[in-house]
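Structure first, commentary second.
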Amino acid sequence: MSDIIQLLPDHVANQIAAGEVVQRPASVVKELLENAIDAEASEIKLLLKDAGKTLIQVIDNGKGMSETDARLAFERHATSKIKTAEDLFDLTTKGFRGEALASIVAISHVEIKTKLAESELGSHLKLEGSKIVSQQLISTPTGTSIAVKHLFYNIPARRNFLKSNTIETRHIIDEFQRVSLAHPTIRFSLYHNDGELFNLKSGNLKQRVIAIFGAKMNEKLVPISEETDIININGFIAKPNFAKKKRGEQFFFVNGRFIKHGYFHHAVLNAFEGLLAQGYHPSYFLYLEVPSNTLDINIHPTKTEVKFENEQALYAILRSTVKHSLGQYSVAPVLDFNKDASMEVPYHFKDKPSSTPKVSVDPTFNPFENEKKSTKPPRKPTTENWDSLYVNVENDALAIENIEVDAQVVTKELFTENQFNTTAKTFQIHKKYILSVIKSGVVIINQNLAHQRVLYEDFLTKITVEDAVSQQLLFPIKLSFSQTEIALIKDIQTDLESAGFRFEMIGDEHIVINGMPTLVKEGQITAILEELLDAVKHEIPESSFSQLDIISKSLARSLAIKNGTKLSTREQEEILEQLFSCKEPNHSPYGKNTFVTLPLDEIELKFNN
Ligand code: ADP
Ligand code: MG
């Protein structure tokens, strides 16, 4: 048999390697930003078009490259950062493999302009799929500009695999935040489709955290500082009462590099033990410095996991350092977990007229009071028109007229033989469950989950059919948000308006709320908006309808009557009535059972033992 093995041509090898290094636009962003940092830039600009799918450009004022280097940089294993294998054990740069640019250029069109400080003229190269298509001398500032266009143009499967622009942009912003948090003294800016998303001035760590996450971070941060023989720890943790229900902002950096580390994360959680209510996550920005020979980052180009020598000792130091800071800033004393901590976040009063009456947060908030006050006619549960959900109905009256018949059919289907009798007596047990008798036995309803379902369907109809009623605020509320959050709010502004929010943007850090959904109380608004943004951020909406769905769900969860709230008989009945006139009464918007039934024959059996 003849020989069949051959060496892959370079461009094929590069394309294969590219698959590992470049998974999405955000991977290119990471590599280019890191190259700019390695080139000792003091200012780095990132420009994007269409979430990086059309253009990713990084412009730095670093040391630049010579004409030959500019060409060589795109070869595989071309690096200026290590020379021998020993160098691997004492890395001071982000890159060292020399494969990022070679991979990127294999799957895109690249244009580079670069100049050394001492040269008069710079080089201008254009490459397409690893081939240099033009090379010229050019007059350009010292530093490097690399533009990556049409990513994955020659790998359609990869290109089709990319997610929506919202999601890809979010990945890029994550990467940008990690890199810029690791280097607060470097000035970073980020523009997307010509709009500015971030403009971060050179500063210290705290200033950088605040520039990224908003001025409201200022009051939340507790400094951390510890020096030992094997590790130095610096940075900030957020006070436990600002912990978030969803994953908070959690950042570890080691020797200037963002890492994920489950074990160390656990050390921090452990230090917070007893200070966080169930399901809350602390935010932290922790910078670890260890001797570079005790650290192994040589695992995988895109992996953020690293290995340390002495992990157990480091765990103990980390845990006690965080604990100590928490104690020192006396954030340890009792927190009242019966109150919902997220409801107590104060908002900015700074710009309100001084005559404004103080708005207090009501921990015993009961949404039913509001419903009574609502300007709308009381709900008529059995006549709700669920079929009209997606139809554009002109007004309520019309909707109600049309449906009576339909809606009863729905109700009947769900509760055959009319076994459910809304006038039956109800009992509240443990301030959590509503118990009622049905023909076939007993039904036990979870008040919180049931009310979530009711509010969810209510919001969804209001939003999709007619725009929810908005209550005008006498004194508009000014809230501060991070630039990412503001970008997100802009994204979903129309949907928020349909839900009943009325607001304007002030600059790139504030919004002013003029109106909000009728069920929301003034004191809750910050917490509700934060939950809502978190939900939108993490649930990854693909279409505008599912975005409305996410908003409705989140509002329902925030506003539903809490377990632990005592309900009057009238309120219990109201929940029951409303739940069983829902389209899908069996489940909460997040898929949990809203009620369970205990059939008579099962009860019977229990006595036949
Ligand atoms: P690595 O960063 O692992 O060395 P890259 O493929 O990312 O590999 O880059 C190859 C080389 O190109 C680098 O070692 C560096 O010498 C040069 N280079 C890349 N980007 C820049 C930049 N922005 N400024 C100056 N030199 C750069
Ligand atoms: Mg590199």
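The values are calculated or read from the model by the stated rules, or taken from the named source; none is laboratory data. The structure presented is a predicted model; accordingly, all values stated were derived computationally and were not measured. Quick reminder, even Gly has a Cβ in these numbers, built from the backbone with ideal geometry, and neighbours come from all protein chains shown. These area figures cover heavy atoms from the full protein model, side chains too; ligands, DNA and RNA do not enter into them. Shrake-Rupley method; radii C 1.70, N 1.55, O 1.52, S 1.80 Å.
Listing for the model above:
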| read-out | value |
| --- | --- |
| Any hit, the stretch 3-12, residues being within 16 Å of ligand 2 (Cβ to nearest atom) and either open to solvent by less than 80 Å² (accessible area, probe 1.4 Å) or modelled with pLDDT of 80 or more (or both) | no |
| Matching entry among 83, 94 (being among the basic types (Lys, Arg), at pLDDT below 95, buried (at least 17 other Cβ atoms within 10 Å of the Cβ) and under 22 Å from residue 296 (Cα atoms)) | 94 |
| All positions within the stretch 474-491 that are at pLDDT below 85 and of a type in the set (Gly, Ala, Ser) | 482, 487 |
| Residue that is nearest to residue 585 (Cα to Cα) [pool: residues in the stretch 484-497 that are open to solvent by 20 Å² or more (accessible area, probe 1.4 Å) and touching a residue at least 60 places away in the same chain (Cβ under 8 Å)] | 491 |
| Condition met for residue 119 (part of a strand (DSSP E or B) and away from ligand 2 (no atom under 13 Å from the Cβ)) | no |
| Meets criteria (open to solvent by 10 Å² or more (accessible area, probe 1.4 Å), within 26 Å of residue 528 (Cα to Cα) and in contact with a Leu (Cβ under 8 Å, 6 or more places away or on another chain)) for residue 592 | yes |
| Hey, residue 154 away from ligand 2 (no atom under 15 Å from the Cβ), of a type in the set (S, T, N, Q) and under 18 Å from residue 11 (Cα atoms) or not | yes |
| Where a residue in the stretch 33-49 is free of Cβ contacts under 8 Å to residues at least 40 places away in the same chain and its partner, wherever it lies, is open to solvent by 10 Å² or more (accessible area, probe 1.4 Å) and within 16 Å of ligand 2 (Cβ to nearest atom), with Cβ under 8 Å and at least six apart | 40/63 |
| Which numbered condition residue 76 fails, given (1) away from ligand 2 (no atom under 16 Å from the Cβ); (2) open to solvent by 50 Å² or more (accessible area, probe 1.4 Å) | (1) |
| Condition check for residue 521: modelled with pLDDT under 80 and either touching an Asp or Glu at 6+ places or on another chain (Cβ under 9 Å) or buried (at least 17 other Cβ atoms within 10 Å of the Cβ) (or both) | no |
| Residues of the stretch 103-116 classified as within 15 Å of ligand 2 (Cβ to nearest atom), in contact with a Leu (Cβ under 7 Å, 6 or more places away or on another chain) and more than 14 Å from residue 67 (Cα to Cα), total | 2 |
| Looking only at the stretch 33-70, and only at residues there that are over 18 Å from residue 184 (Cα atoms) and within 7 Å of ligand 1 (Cβ to nearest atom), the one that is surrounded by the most Cβ atoms within 10 Å (Cβ to Cβ) | 64 |
| Filter result for the condition that a residue is in a strand (DSSP E or B) and among the polar types (S, T, N, Q), over 514, 563 | 514 |
| In the stretch 202-225, the residues that are of a type in the set (D, E, K, R) and crowded, with 17+ Cβ neighbours inside 10 Å | 208, 216, 220 |
| Residue under evaluation residue 103, criteria (1) more than 9 Å from ligand 1 (Cβ to nearest atom); (2) under 35 Å from the mean Cα position of the chain (by Cα), criterion not met | (1) |
| Test: residue 536 is modelled with pLDDT of 80 or more and under 24 Å from the mean Cα position of the chain (by Cα) | no |
| Every pair of residues 6+ apart whose Cβ atoms lie under 6 Å, when the first sits in the stretch 54-80 and is on the phi < 0 side of the Ramachandran plot while the second is more than 6 Å from ligand 1 (Cβ to nearest atom) and hydroxyl-bearing (Ser, Thr, Tyr) | 59/145; 65/114; 67/123; 70/114; 70/123 |
| Total residues in the stretch 130-183, condition on the phi > 0 side of the Ramachandran plot and open to solvent by 20 Å² or more (accessible area, probe 1.4 Å) | 2 |
| Elements of type helices (runs of 4 or more DSSP H) contained in the stretch 143-251, each with 3 or more residues being farther than 30 Å from residue 317 by Cβ and in contact (Cβ under 8 Å) with a residue 40 or more places away in the chain | 165-182 |
| Test: residue in the stretch 86-99 that is in contact with a Gly (Cβ under 7 Å, 6 or more places away or on another chain) and more than 13 Å from ligand 1 (Cβ to nearest atom) | no |
| Odd one out for residue 138, checked against (1) within 12 Å of ligand 1 (Cβ to nearest atom); (2) at pLDDT 95 or above | (1) |
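Okay, residues lined up against (1) of a type in the set (Val, Ile, Thr); (2) closer than 30 Å to residue 442 by Cα:
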| residue | (1), (2) |
| --- | --- |
| 505 | no, no |
| 512 | yes, no |
| 517 | no, no |
| 520 | yes, no |
| 527 | no, no |
| 531 | no, no |
| 551 | yes, no |
| 564 | no, yes |
| 575 | yes, yes |
